[in-house]
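What follows is a set of notes on a single structure, which appears directly below.
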Amino acid sequence: MKSLQIPLWIVAVFLITSLSIEPDDRDQTAYVPILMKKSELPASVFMQEAREFETPGKIYIYGNKIYVVDLFKGIHIIDNQDPSNPQKTGFLHIPGVMDLAIRNQVLYADNSIDLVSIDISSYPQISILDRLAEVFPEPTPPDLDWIPWSYSAHRRPENTVIVAWVK
């Protein structure tokens, strides 16, 4: 039995000294979150004048219009009646947007953690038809697939949600 004690102590000392107490570098991001109060999300969806692309993302074609997501900011609406001369006609401001779909004149988009449905049948007038609250996870920073612990919900102001990430 005594012959086993020395090797066990050596292994125990080796294991204890090899443990790292430094913070995990994998939980770091080059981005910081833009926060919005959850109560402000419903009023954050509205039409604006057409503007320049900043971070273009997904493209959706419906009828004679092209819809281009501007990551985390909103959706550019382009009139494509004349494909040789498309015209920007408006910008649908939707903080936290990353994706969209359209069916039967209803545009569906993510408004950070909420799913919002918008009637576009009378464009440029729009109306919010419905909002399903907290159906999506919060957006993650572009360089990670998770939200770093330092920006998790319990480490920031109460009832806030991430709507974008900036460098």
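The values are calculated or read from the model by the stated rules, or taken from the named source; none is laboratory data. Because the structure is a prediction, the values reported are computed rather than measured. Glycine gets a Cβ as well: all are built from the backbone with ideal geometry, and neighbour counts include every protein chain shown.
A few remarks follow.
- Unique residue being over 19 Å from residue 37 (Cα atoms) and acidic (Asp, Glu) when the list is 114, 99, 110: 99
- Among the residues of the range 148-158, the ones that are in contact (Cβ under 8 Å) with a residue 12 or more places away in the chain and either basic (Lys, Arg) or under 18 Å from residue 110 (Cα atoms) (or both) come to 1 in all.
- When we screen 46, 53 for residues that are among the aromatic types (Phe, Trp, Tyr), over 16 Å from residue 116 (Cβ atoms) and either at pLDDT 95 or above or in contact with a Phe, Trp or Tyr (Cβ under 8 Å, 6 or more places away or on another chain) (or both), the only hit is 53.
- Residues of the range 126-140 that turn out to be surrounded by 15 or more Cβ atoms within 10 Å (Cβ to Cβ) and either in contact with a Leu (Cβ under 8 Å, 6 or more places away or on another chain) or in a strand (DSSP E or B) (or both), as a count: 3
- Tally of residues being in a loop (DSSP other than H, G, I, E, B) and either surrounded by fewer than 14 Cβ atoms within 10 Å (Cβ to Cβ) or within 12 Å of the chain's Cα centre (by Cα) (or both) across the range 145-155: 4
Results for (1) closer than 21 Å to residue 41 by Cβ; (2) touching a residue at least 40 places away in the same chain (Cβ under 8 Å); (3) surrounded by fewer than 17 Cβ atoms within 10 Å (Cβ to Cβ), shown as yes or no for each residue.
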{"residue": "96", "(1), (2), (3)": "yes, yes, no"}
{"residue": "104", "(1), (2), (3)": "no, no, yes"}
{"residue": "111", "(1), (2), (3)": "yes, yes, no"}
{"residue": "124", "(1), (2), (3)": "no, yes, yes"}
{"residue": "142", "(1), (2), (3)": "no, yes, yes"}
{"residue": "163", "(1), (2), (3)": "yes, yes, no"}
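- For the residues 100, 41, 71, the requirement of being surrounded by 14 or more Cβ atoms within 10 Å (Cβ to Cβ), closer than 30 Å to residue 159 by Cβ and either touching a Gly at 6+ places or on another chain (Cβ under 6 Å) or at pLDDT below 95 (or both) singles out 71.
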